[in-house]
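Each remark here refers to the structure printed beneath this line.
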Amino acid sequence: MEKENSGSFEYMGRSFSELSVNDDSSAFSDCNSDRSGEFQTASSQNRRLLLACAAENSDDLLCQLVSGLESCSIDEQKQAAMEIRLLAKNKPSDRFKIAKAGAIKPLISLILSSDSQLQEYGVTAILNLSLCDENKELIASSGAIKPLVRALKTGTSTAKENAACALLRLSQMEENKVAIGRSGAIPMLINLLATGAFRGKKDAATALYSLCSVKENKIRAVQAGIMKPLVELMADFGSNMVDKSAFVLSLLITVPEAKTAVVEEAGIPVLVEIVEVGSQRQKEIAVSILLQICEDNLVFRAMVTREGAIPPLVALTQSGTNRAKQKAETLIDLLRQPRSGNAAVGRTSDVSG
């Protein structure tokens with residue numbers, strides 16, 4: 001498996017020295033337990049359940065819940081899945097105990113259910129259990145990846161969002177990234193990025209960001225049409241997705257297929273606009289992407305120049321971060337070079353990743 005680093009902040013174990021923006025890590029937040037509301041059971045019953053699991057007979061209760069997951073009654077399965085989901089959400093100390101009691105495999109079976117509510121409960125319980133690092137390997141090895149991808153395709157909006165989060169959690173193990181990419185997850189995540197509500201878009205972008213540290217997943221994402229929603233979200237400053245989308249693009253742009261795709265989706269005018277009116281972080285990411293697009297392509301350089309990039313780049317050399325100033329100066333030099341020959345090829349290798 002080939003893993004590529006593009007360069008200052010640490011995010012999920014990866015270093016991004018290229019960007020050097022103070023608040024980069026806030027571009028993505030890790031998926032937490034489900035945020036879809038509590039169950040339809042009374043709050044007093046929820047408290048009794050939590051108290052029971054704190055008692056000496058908690059192991060017996062967990063065994064009963066696991067048995068309920070395997071019941072022939074859908075209603076009993078739903079009740080057991082709901083209660084496991086609740087315990088895993090509210091009692092982090094029980095997440096490993098629930099997995100150890102044997103809940104993982106029957107929960108995965110529920111994800112394959114034709115009952116949408118049962119599928120949603122199964123997905124969300126798996127998400128909550130995946131928040132325990134010790135459970136991630138067991139969840140993946142028990143065959144959860146393909147059912148989660150199925151939920152991304154067929155589930156309720158909540159199931160899709162929580163499936164994206166669960167896949168993100170599993171992708172934090174490097175050995176799972178390729179398996180998730182090959183399972184068909186990337187087109188489904190791109191669809192969620194394009195059509196989901198804000199939470200779905202955010203969770204999809206975060207999962208794609210994690211998965212696309214692997215080269216074959218970058219190519220797979222480009223081929224699946226990721227560039228169109230990325231460019232649209234970057235163009236919409238009211239989407240609250242400019243940073244996330246730009247960071248995903250900054251990973252993808254290291255492969256030639258992505259450079260061509262972003263140009264074909266009219267990404268250059270959007271990137272130039274970000275350099276002109278975006279936040280300091282957005283400007284730095286955009287100029288980094290433009291630099292990589294232009295570094296060895298005269299046609300793309302001409303397109304960037306025609307979009308009026310030089311004035312905002314000059315302004316960035318006066319007001320940007322040190323790293324942004326350096327990149328803007330390098331890109332200006334590149335754009336002002338004669339439009340023949342390859343003298344500039346390789347000049348940006350020290351500042352692009």
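The values are calculated or read from the model by the stated rules, or taken from the named source; none is laboratory data. Nothing here was measured: the structure is a model prediction, and the numbers come from that model. When we count neighbours, we look across all protein chains shown, and the Cβ atoms used for this are built from the backbone with ideal geometry, even at glycine. Just the protein is used for accessible areas: all its heavy atoms, side chains included, with ligands, DNA and RNA removed. Shrake-Rupley method; radii C 1.70, N 1.55, O 1.52, S 1.80 Å.
Things to note:
- Screening the range 153-174 for residues that are among the small types (Gly, Ala, Ser) and crowded, with 18+ Cβ neighbours inside 10 Å and picking the one that is nearest to Glu120 (Cα to Cα) gives Ala159.
- Tally, over the range 308-324, of residues that are surrounded by fewer than 17 Cβ atoms within 10 Å (Cβ to Cβ) and not hydroxyl-bearing (Ser, Thr, Tyr): 7
- Subset of the range 232-248 (residues that are hydrophobic (A, V, I, L, M, F, W, C), open to solvent by 20 Å² or more (accessible area, probe 1.4 Å) and in a loop (DSSP other than H, G, I, E, B)): Phe237
- Candidate set from the range 77-120 (those that are of a type in the set (Gly, Ala, Ser) and not in a loop (DSSP other than H, G, I, E, B)); member that is nearest to Gly143 (Cα to Cα): Ser109
- Looking at Ser71, Ser67, just one residue is at pLDDT 90 or above, among the polar types (S, T, N, Q) and outside any helix (DSSP H, G or I), and that residue is Ser71.
- Screening the candidates Lys146, Lys160 for the property of being of a type in the set (Lys, Arg) and over 23 Å from Ser245 (Cα atoms) yields one hit, Lys146.
- Here Leu167 does not qualify as part of a helix (DSSP H, G or I) and more than 25 Å from Glu216 (Cβ to Cβ).
- Test for Ser93: is it farther than 25 Å from Arg150 by Cα, open to solvent by less than 20 Å² (accessible area, probe 1.4 Å), of a type in the set (Gly, Ala, Ser) and at pLDDT below 90: no
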